[in-house]
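Contents: one structure, followed by commentary.
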Amino acid sequence: MVTKEYPWIKGLTWHRHPYYSFFAPMDWHLFQRPDDVIGVIVGPDPADPLTVFAVTLKDLGTTITPDDLDVIAEGFFGTIEQLPGVQIEHREQKVAGKLLELQTKYSYFENDTPRKCWVRVFYHETRQITMRAQGSTPERYDYWLPMFYQAMMTAKVHKAKPRFDINM
């Protein structure tokens with residue numbers, strides 16, 4: 001009988017941005033973003049920048065409504081389906097009030113290297129919030145999946161709370 005190893009969790013930390021939040025392992029490394037994109041990248045190993053949980057935020061400049069779901073889903077899933085060697089395990093789209101969500105789990109090849117990932121995209125008001133969990137290899141993804149699950153399933157999308165200047 002083979003026993004599967006799982007990562008140890010030492011505790012969680014709350015990553016909060018004005019428009020999203022999630023819990024991730026407190027001992028994960030915070031990577032510098034290689035671009036000007038708003039968001040955060042965290043991962044278990046600073047020497048493995050491809051095994052990460054990443055969040056990006058874009059303001060689309062237009063209000064997204066539930067009526068837009070089918071068009072957005074067609075573009076999103078169509079793009080995923082064009083990846084080299086893609087195998088889609090799961091895909092889902094739903095509306096909860098004014099919040100739209102797309103979700104997919106898939107594997108693909110990047111420069112002949114197999115990758116596995118899970119992506120959730122939320123549309124709230126004018127914002128697109130993309131959460132991506134990826135392993136540098138399918139094995140690394142599978143090993144870290146319990147921690148990715150923690151981050152994905154504790155994710156919240158919210159309106160920014162107004163700031164009050166007490167020195168008025």
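What to note about this one:
- Taking 0.36 nm per residue of separation and subtracting the Cα-Cα distance, full extension of the segment from residue 32 to residue 112 would add 26.2 nm.
- When shorter helices are ignored and each DSSP H run of at least 4 residues is given -39500 (n - 2.57), the per-residue value for the chain at 222 nm works out to -6000 deg cm²/dmol.
- Across the range 78-95, computed HN-Hα scalar couplings (Karplus, 6.51 cos²θ - 1.76 cosθ + 1.60, θ = phi - 60°) run x, 5, 4, 5, 8, 5, x, x, 5, 10, 8, 8, 7, 8, 8, 9, 7, 10 Hz from first to last residue, x flagging Gly and Pro.
- Taking Lys and Arg as +1 and Asp and Glu as -1, the other residues whose beta-carbon sits under 13 Å from that of residue 116 total 0.
- Looking at the range 6-72, the chymotrypsin sites (Phe, Trp or Tyr not before Pro) that sit in a DSSP loop and have at most 11 other Cβ atoms within 10 Å of their own Cβ are 8.
- Expected-Rg normalisation [2.2 N^0.38 Å, Cα atoms] applied to the range 12-157: 1.02
Every number here is computed from the coordinates shown, using simple stated rules; none is lab data. Since this is a predicted model, take the numbers as computed values, not measurements. When we count neighbours, we look across all protein chains shown, and the Cβ atoms used for this are built from the backbone with ideal geometry, even at glycine.
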